[in-house]
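Let me begin by presenting the structure, written as structure tokens, before commenting on it.
The values are calculated or read from the model by the stated rules, or taken from the named source; none is laboratory data. Just so it is clear, the model here is predicted, and its values are computed rather than measured. Note that we place each Cβ from the backbone using ideal geometry, even for glycine, and neighbour counts take in every protein chain shown.
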Amino acid sequence: MSTHLKLAVLPGDGIGPEITQQAVRVLERLAAQGHLSLTLEQAPVGGAGYRASGHPLPEATLRLAKSSDAILFGAVGDFSLDNLARELRPEQAILGLRQELELFANLRPAMIYPELAGASTLKPEVVSGLDIMIIRELTGDIYFGKPRGIRVLDNGEREGFDTMVYRESEIVRIGRVAFEAARKRGHRVCSVDKANVLETTQLWRDVMTTLGKEYPDVALSHMYVDNAAMQLLKDPKQFDVLVTGNMFGDILSDEASMLTGSIGMLPSASLDARNKGLYEPIHGSAPDIAGKNLANPLATILSAAMLLRYSCGLAQAADKIESAVRKTLASGMATPDIYREGCQRVGTVEMGDAVIAALA
Ligand code: IPM
Ligand code: MG
């Protein structure tokens with residue numbers, strides 16, 4: 001039995017096109033094997049969107065995203081456009097999609113493949129066996145709070161300001177995602193905040209504590225974000241599900257990616273209340289290596305697996321991708337970011353080829 005999927009593919013900038021291409025090839029292979037049937041439609045986004053039609057999130061791209069079952073997203077960011085007004089910069093595309101589609105729940109699993117324990121900058125014994133689910137709130141916080149801006153004071157000095165803000169209902173809905181996720185894993189949630197200093201996160205802690213009473217089978221703990229940043233390096237295996245706000249989650253998930261050997265390995269899912277989602281690697285557009293066949297496509301390929309699992313209910317097909325990635329890593333193939341001695345150094349396309357071959 002195959003299910004028909006309408007997917008929006010938004011490659012974006014830098015390495016975005018080359019990594020999404022490999023993930024698309026993987027999905028097409030699964031379709032050819034009869035695991036699913038697919039219609040793919042591609043549209044420009046980010047700097048590419050700006051170049052194509054004067055806006056990082058062109059109307060047609062947003063329409064396509066809204067009308068699709070799920071979105072496979074590459075990366076956005078283009079230094080040459082950093083002098084544009086903020087609302088025209090490439091990053092606004094991903095922020096706009098998250099907001100327009102109400103993708104409030106960002107799942108960023110950080111797990112280590114045995115072969116990569118030595119690729120991490122941390123000692124293998126600290127990271128081997130690591131399996132953390134970072135759940136980042138994605139549509140609130142200082143990212144979207146108003147007012148914000150840069151104003152000129154009476155003495156002529158400029159002052160920048162942003163607003164950190166969370167409503168109770170926003171904290172509850174991301175909290176539920178975290179508790180539910182913990183129920184399918186290790187039954188532990190660590191909520192990360194800065195309640196010793198910030199009012200917004202005092203509310204965050206209070207709401208999480210109250211909500212936690214509805215999940216007596218899940219052990220809830222709280223941690224200040226500075227300590228969490230340190231604990232992630234000191235003893236990352238203490239964490240099961242880690243839930244936090246938009247900005248802390250942005251920072252901690254980049255940090256956690258390095259525990260796994262490379263930021264090129266971390267997929268993500270951004271979900272709305274009905275599990276419609278956008279799937280993207282957590283890394284950026286890496287313009288310095290774009291077009292050189294150097295980028296690691298695995299985070300995007302693993303994002304495609306999450307897409308099948310979370311938005312399409314195709315757990316078996318997702319398992320197939322994940323085990324193909326495992327086999328490929330075990331075979332000793334490595335893009336430069338995860339290269340270790342004794343490995344076979346390969347490029348973006350060859351890594352895609354290897355995963356596809358391992359799907360057989
Ligand atoms: C991420 C990125 C984005 C963010 C940028 C590109 C706006 O860093 O997805 O983590 O800050 O959320
Ligand atoms: Mg980030």
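For region 244-256, filtering for residues that are within 12 Å of ligand 1 (Cβ to nearest atom) and surrounded by 22 or more Cβ atoms within 10 Å (Cβ to Cβ) leaves 7.
In region 210-242, the residue that is surrounded by the fewest Cβ atoms within 10 Å (Cβ to Cβ) out of those that are under 24 Å from the mean Cα position of the chain (by Cα) and among the aromatic types (Phe, Trp, Tyr) is TYR224. Applying a threshold of 6 Å to beta carbon distances and a minimum spacing of six or more residues, or different chains, the list of pairs starting in region 258-282 at a residue that is more than 14 Å from ligand 1 (Cβ to nearest atom) and ending at one that is at pLDDT below 90 reads LEU259/SER120; GLY261/LEU116; GLY261/ALA119; GLY261/SER120. Assess whether ILE321 counts as being on the phi < 0 side of the Ramachandran plot and at pLDDT 95 or above. Criteria met by ILE321. From the list ALA324, ALA315, the lone residue that is free of Cβ contacts under 8 Å to residues at least 12 places away in the same chain and either among the aliphatic types (A, V, I, L, M) or touching a His at 6+ places or on another chain (Cβ under 8 Å) (or both) is ALA315. A residue that is farther than 19 Å from VAL76 by Cβ, out of contact with any strand residue (DSSP E or B) (no Cβ under 8 Å at 6 or more places or on another chain) and touching a residue at least 24 places away in the same chain (Cβ under 8 Å) cannot be found anywhere in region 241-252. When the helices (runs of 4 or more DSSP H) confined to region 194-305 are screened for residues that are in contact with a Gly (Cβ under 6 Å, 6 or more places away or on another chain) and more than 15 Å from ligand 2 (Cβ to nearest atom), those reaching at least 2 such residues are found at 199-212. The one condition from (1) within 24 Å of LEU278 (Cα to Cα); (2) outside the structural domain of LYS234 (by TED's automatic domain parsing) that PRO114 does not meet is (1). With respect to the conditions (1) surrounded by 24 or more Cβ atoms within 10 Å (Cβ to Cβ); (2) within 16 Å of ligand 1 (Cβ to nearest atom), ALA290 lacks only one, and its number is (1).
When region 335-360 is limited to residues that are in contact (Cβ under 8 Å) with a residue 40 or more places away in the chain and among the small types (Gly, Ala, Ser), the one that is surrounded by the most Cβ atoms within 10 Å (Cβ to Cβ) turns out to be GLY352.
Filtered by the rule that a residue be of a type in the set (S, T, N, Q) and either outside the structural domain of PRO236 (by TED's automatic domain parsing) or in contact (Cβ under 8 Å) with a residue 24 or more places away in the chain (or both), region 118-157 gives SER120, THR121, THR139, ASN155. All of (1) within 14 Å of ligand 1 (Cβ to nearest atom); (2) assigned to a helix (DSSP H, G or I) hold for LEU57 with one exception: (2). Looking at ALA195, is it in contact with a Ser or Thr (Cβ under 7 Å, 6 or more places away or on another chain) and either of a type outside the set (A, V, I, L, M, F, W, C) or buried (at least 17 other Cβ atoms within 10 Å of the Cβ) (or both)? Answer is yes for this residue. In summary, LEU103 fulfils each of the numbered conditions (1) more than 16 Å from ligand 2 (Cβ to nearest atom); (2) within 26 Å of TYR50 (Cβ to Cβ); (3) modelled with pLDDT of 95 or more with the single exception of condition (1). Of all the residues in region 59-98, those that are of a type in the set (Lys, Arg), surrounded by 20 or more Cβ atoms within 10 Å (Cβ to Cβ) and touching an Asp or Glu at 6+ places or on another chain (Cβ under 9 Å) number 1.
Those residues that are at pLDDT 90 or above, away from ligand 1 (no atom under 16 Å from the Cβ) and in contact with an Asp or Glu (Cβ under 9 Å, 6 or more places away or on another chain), I need them from region 106-131; list them, please. Those that are at pLDDT 90 or above, away from ligand 1 (no atom under 16 Å from the Cβ) and in contact with an Asp or Glu (Cβ under 9 Å, 6 or more places away or on another chain): MET111, ILE112, VAL126, ASP131. ILE71 falls short on exactly one of the conditions (1) farther than 14 Å from LEU278 by Cα; (2) touching a residue at least 24 places away in the same chain (Cβ under 8 Å), and that condition is (1).
Considering every residue within region 69-87, establish whether at least one is among the basic types (Lys, Arg), within 12 Å of ligand 1 (Cβ to nearest atom) and assigned to a loop (DSSP other than H, G, I, E, B). Within region 69-87, not a single residue is among the basic types (Lys, Arg), within 12 Å of ligand 1 (Cβ to nearest atom) and assigned to a loop (DSSP other than H, G, I, E, B).
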